[in-house]
Amino acid sequence: MKTKPTKVLFVCLGNICRSPAAEGVMKKLAAEAGQADLWEIDSAGTGDWHVGELPDSRMRAAGAKRGYNFTHRCRQVRPDDFDRFDLIIGMDDNNLRNLRLLAPSREHWSKIVPIASHLKPEEGKLVPDPYYGTDRDFDHVISLLEAACGRMIKSLSHKIC
Ligand code: 4NP
């Protein structure tokens with residue numbers, strides 16, 4: 001039996017730091033878990049300043065140190081994303097607020113999920129914006145994303161086993 005893929009859109013503000021990293025981490029961990037066909041993963045930003053750009057060079061460098069190659073081209077969230085995707089995962093409260101404003105209807109709100117729902121309390125309630133931060137902040141983002149994406153993959157494994 002072929003399971004339909006779960007379609008996930010990761011969303012942050014600029015779509016050059018956190019959400020393209022989330023996309024890259026999720027794709028790699030899914031492939032390593034034998035779940036490549038079970039997920040469709042993309043990312044987008046609520047802002048449009050960096051449309052068409054590769055991820056921030058600091059995020060690509062932090063990823064490369066852990067074996068990731070972040071190659072997403074920045075795009076902005078579109079109203080039709082709310083029909084295309086099953087889950088739209090925001091990195092912080094600002095993202096979640098903006099997503100609710102962009103959703104074509106209240107019914108679409110149920111697809112909007114905080115990344116915090118896949119974090120442990122001690123890991124915090126958000127993935128913090130590293131844009132004005134240091135290399136350590138970029139590294140911390142990847143650690144949080146590995147934890148969150150790892151749990152998403154594990155929870156699907158339990159459902160299909
Ligand atoms: P992101 O980080 O939301 O994780 O991609 C940011 C990237 C760019 C800007 C802000 C946050 N910016 O202001 O251009």
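Laboratory data are not the source of any read-out in this text; all were calculated from the coordinates shown. In this text, all values refer to a predicted model and were calculated from it rather than measured experimentally. Note that each Cβ is placed from the backbone with ideal geometry, even for glycine, and that neighbours are counted across all protein chains shown.
Take the residues of the stretch 21-37 that are charged (D, E, K, R) and free of Cβ contacts under 8 Å to residues at least 24 places away in the same chain: which is nearest to the ligand (Cβ to nearest atom)? If you could, list the steps in order and put the result at the bottom.
The initial filter retains those residues of the stretch 21-37 that are charged (D, E, K, R), namely 23, 27-28, 32, 37.
Now restrict to residues that are free of Cβ contacts under 8 Å to residues at least 24 places away in the same chain: 27, 32.
On the way: 27: 17, 32: 24 Å.
For the stretch 21-37, the residue satisfying everything is 27.
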Restricted to the stretch 114-161 and to residues being β-branched (Val, Ile, Thr) and surrounded by fewer than 16 Cβ atoms within 10 Å (Cβ to Cβ), the residue nearest to residue 46 (Cα to Cα) is 134
So, first residue closer than 15 Å to residue 70 by Cβ and in contact (Cβ under 8 Å) with a residue 60 or more places away in the chain in the stretch 134-146, second residue of a type in the set (D, E, K, R) and crowded, with 22+ Cβ neighbours inside 10 Å, Cβ within less than 7 Å, six or more apart or across chains; the pairs are 141/18
Reported set for the stretch 1-20 where residues are over 10 Å from the mean Cα position of the chain (by Cα) and either aliphatic (A, V, I, L, M) or away from the ligand (no atom under 16 Å from the Cβ) (or both) is 1, 2, 3, 4, 5, 6, 7, 13, 16
When every residue in the stretch 8-54 that is of a type in the set (D, E, K, R) and outside any helix (DSSP H, G or I) is compared, the one surrounded by the most Cβ atoms within 10 Å (Cβ to Cβ) is 42
